[in-house]
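The values are calculated or read from the model by the stated rules, or taken from the named source; none is laboratory data. Please read all numbers here as calculations on a predicted model, not as lab measurements. As a convention, Cβ positions derive from the backbone with ideal geometry for all residues, glycine included, and neighbour counts pool all protein chains shown. Just the protein is used for accessible areas: all its heavy atoms, side chains included, with ligands, DNA and RNA removed. Shrake-Rupley method; radii C 1.70, N 1.55, O 1.52, S 1.80 Å.
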Amino acid sequence: MARFVMEFERPLAELEEKLAELKRLDIAVTPELADEISGLEAEIEKLHETLYAALSPWEKVQVSRHPERPKTQDYVEMLFDDVIELHGDRAFGDDEAIMTALATLDGRRCMVIGHRKGKNTKENIKRNFGSPHPEGFRKARRAMKLAEKFGLPVVTFIDTQGAFPGLEAEQRGQAWAIAENLATLASLRTPVIAVGIGEGGSGGALAIGFGDRLIMLENAYYSVITPEACASIIFKDATRAPEAAPCLAMTADDLMRLGLADEIIREPRGGAHRDPASVFASVARVVGEALGQLAGVPLDELVEERHRRLEAIGVYDE
Amino acid sequence: MPISDWFKAREGRKYTTTSADAPGDLPDGVWVKCPSCKHTLYQGDLDRVADVCLHCGHHFDIDAPRRIELLVDEGTFEETEAGLTSVDPLRFNAAKPYTESLAKAKAASGLPEAIVTGRALVGGHPVVLGVLDFRFIAGSMGSAVGEKIARAFRLAKREDRAVIMVTRSGGARMQEGMLSLMQMAKTAAEVGRLASAGLPYISVLANPTMGGVTASFAVLADVIFAEPGALVGFAGQRIIEQTIHQSLPKNFRTAEYFEEYGMLDAVVPRGELTTTIALTLDYLAGAGVPAAAEGAACRIVSAGGET
Ligand SMILES: [Zn+2]
């Protein structure tokens, strides 16, 4: 099966293909091939290093969208035990673009809320590519309130290009649903840990995407607007997204620099999909630590501190 | 400049139309053509009727100082945080530098930032008022706008005032990236804190209110009013059309549309807005009294009457 090749990996993929071709030839007939093969192998190794050493923001966006990148449901499956998925917003329907579940991480009982993309086209159509409708956000809000009522910490996984921009989504109050979640999260009387695992597109990401901690995977992004939408506004051309991406300060490193993220989880060279097990282990450890730190904090203090975090965000003159 | 100077300057101004599609063939500024019914109107008449077309009721877009003038009890507006303005934290430069957009916005609007906030009386009620100005980078919310909104809510809480927000905005300000997005959470948090103090918050959605402004403080109000014909929503019109591959219904996402779908309390003509807000505050301003006021328990109303 051919591996999914990201745009910036193409030179590497071409070399790898060439190598595979050479290896199919009979070395016994043409012994000079051996030199060529080892030369090519060295070249591939070198390119591998330079290519992934310092990914540009746009390259990170591609990694964050890689179809084999671990998704919310993978984290739930690999990190948590005794999972009970909760469905529906009690008002309209069950939006599969958001997953809510009671789940246990290393003995700690939690409420997990995450955007849920599919792993293939069929799943993605069912889950609307991880872009929620209002009922998805309302399902998430229900889960938040439930967690608050029963003292469960909330762990969220952020992975969406954004709230779904459709007619019915607007009709049912997309903006209202997001706003309600923001107000709810801001004052929720239980710990909230948000983890950026892939894409963090605008208000649809924020609606489950902030709290007492923000942890970012190295190649995850979190942005006020997707680079494509930004490019289509400022350049009137969505294909110029690679130029827009670096302007938006949306990488994990940018978020650390701006004081918005608390911790970055490094990914294996090439991205989380190259070695998911190591990423699961890191996320489990970091989230577990954060849960431990927040577990004993009195709720008044916890919420006050969260308010202080929000208050402090912004750069202006006066 | 302080808003008081602005009001002074305004008295001697040349009339300008605030409509985007101003007619080119009419004498500059004195006459305007209604974009809805195409009647030609004298700006002096419009000034007397809150910039609403005399023929068809079309609501002309108005800027923040004019809104304040229309809304508050005369002479009671006292601007707050006038010196708080945007900087360029990301050194944003795509197509055009953010600093240039800011300079242009300041020159075009005569305002230091996209929102004007201040203390005022509305129908005698002490309020903190915030009004977004669309001329300033589409009334977008960056760090400075978010901070001014947060401070407006905190001021109201400190001084026991209601909050009124009038929104006209394209959404979060792209040029400040995540700092802008996070203002949505920051302002939403402040709405919650005012609510826990039992103080009323009324919002007025004016044309247009979109994106991250709609999806944060604007629709979290206790009572949401909107102006006739105002465009309200989350996603951009073009993005929706591209997503669903069809053109949108004509009244899609107008104030009236959302009233029909139950998302806001009432569409209120501009001429009635001040009295409607004042009357609403008459009802809500007593809400600071604890819910279980003395004697309340013995006034349970049942179907058969008071028991
Ligand atoms: Zn008219």
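Taking every residue in region B:240-265 that is more than 8 Å from chain A (Cβ to nearest Cβ) and pairing it with any residue that is assigned to a loop (DSSP other than H, G, I, E, B) and of a type in the set (D, E), at least 6 positions away or on another chain, the pairs with Cβ-Cβ distances below 7 Å are B:A255/B:E227. Residue check: is B:A185 within 19 Å of A:H307 (Cα to Cα), of a type in the set (A, V, I, L, M, F, W, C) and away from chain A (no Cβ under 11 Å)? No. Would you confirm whether any residue within region B:47-63 is at pLDDT 95 or above, assigned to a helix (DSSP H, G or I) and out of contact with any Pro (no Cβ under 6 Å at 6 or more places or on another chain)? No, because not a single residue in region B:47-63 is at pLDDT 95 or above, assigned to a helix (DSSP H, G or I) and out of contact with any Pro (no Cβ under 6 Å at 6 or more places or on another chain). Across region A:51-70, the number of residues qualifying as open to solvent by 10 Å² or more (accessible area, probe 1.4 Å), among the charged types (D, E, K, R) and touching a strand residue (DSSP E or B) at 6+ places or on another chain (Cβ under 8 Å) comes to 2.
Looking at region A:170-181, can you tell me whether even one residue there is within 14 Å of chain B (Cβ to nearest Cβ) and touching a residue at least 60 places away in the same chain (Cβ under 8 Å)? The answer is yes; a qualifying residue exists.
Checked against the criterion of being more than 20 Å from A:S187 (Cα to Cα), more than 7 Å from chain A (Cβ to nearest Cβ) and not in a loop (DSSP other than H, G, I, E, B), the candidates B:V166, B:V213 yield just one match: B:V166. Might you check whether a residue that is under 21 Å from the mean Cα position of the chain (by Cα), surrounded by 23 or more Cβ atoms within 10 Å (Cβ to Cβ) and either part of a loop (DSSP other than H, G, I, E, B) or not assigned by TED's automatic domain parsing to the domain that holds A:G211 (or both) occurs anywhere in region A:72-92? There is no residue in region A:72-92 that is under 21 Å from the mean Cα position of the chain (by Cα), surrounded by 23 or more Cβ atoms within 10 Å (Cβ to Cβ) and either part of a loop (DSSP other than H, G, I, E, B) or not assigned by TED's automatic domain parsing to the domain that holds A:G211 (or both). Looking across region B:9-35, the residues that are at pLDDT 50 or above and within 11 Å of the ligand (Cβ to nearest atom) come down to B:V32, B:K33, B:C34, B:P35. For region B:188-204, a tally of residues being of a type in the set (A, V, I, L, M, F, W, C), buried (at least 24 other Cβ atoms within 10 Å of the Cβ) and facing chain A (nearest Cβ under 9 Å) returns 3.
Does B:G271 satisfy the condition of being away from every other protein chain (no Cβ under 12 Å), touching a residue at least 12 places away in the same chain (Cβ under 8 Å) and either part of a helix (DSSP H, G or I) or open to solvent by 40 Å² or more (accessible area, probe 1.4 Å) (or both)? In short, yes.
Scan region B:55-72 for residues that are within 16 Å of the ligand (Cβ to nearest atom) and either open to solvent by less than 20 Å² (accessible area, probe 1.4 Å) or within 20 Å of B:T275 (Cβ to Cβ) (or both) and jot them down. Before the answer, list the steps.
Of all residues in region B:55-72, those within 16 Å of the ligand (Cβ to nearest atom) come to B:55-62.
The answer is B:G57, B:H59, B:F60, B:I62.
All conditions but one from (1) open to solvent by 10 Å² or more (accessible area, probe 1.4 Å); (2) over 23 Å from A:D89 (Cβ atoms) apply to A:G196; the one that does not is (1). In this structure, B:N207 qualifies as open to solvent by 30 Å² or more (accessible area, probe 1.4 Å), under 14 Å from the mean Cα position of the chain (by Cα) and over 26 Å from A:D237 (Cβ atoms). Considering only residues in region B:114-147 that are in a loop (DSSP other than H, G, I, E, B) and more than 14 Å from B:R168 (Cβ to Cβ), the one that is least open to solvent (accessible area, probe 1.4 Å) turns out to be B:G142. Please specify each residue of region B:36-54 satisfying the condition of being open to solvent by less than 50 Å² (accessible area, probe 1.4 Å) and either assigned by TED's automatic domain parsing to the domain that holds B:L70 or more than 8 Å from the ligand (Cβ to nearest atom) (or both). Correct list: B:Q43, B:G44, B:L46, B:D47, B:A50, B:D51, B:V52.
The numbered conditions (1) within 11 Å of chain B (Cβ to nearest Cβ); (2) of a type outside the set (K, R); (3) in a helix (DSSP H, G or I) are all true for A:G211 except (3).
How many of the residues making up region A:182-203 are over 12 Å from the mean Cα position of the chain (by Cα), in contact (Cβ under 8 Å) with a residue 12 or more places away in the chain and outside any loop (DSSP other than H, G, I, E, B)?
Initial filter on region A:182-203 (over 12 Å from the mean Cα position of the chain (by Cα)): A:182-193, A:202-203.
If we keep only those that are in contact (Cβ under 8 Å) with a residue 12 or more places away in the chain too, we end up with A:182, A:184-193, A:202-203.
Now restrict to residues that are outside any loop (DSSP other than H, G, I, E, B): A:182, A:184-187, A:192-193, A:202-203.
Summing the residues that are over 12 Å from the mean Cα position of the chain (by Cα), in contact (Cβ under 8 Å) with a residue 12 or more places away in the chain and outside any loop (DSSP other than H, G, I, E, B) in region A:182-203 gives 9.
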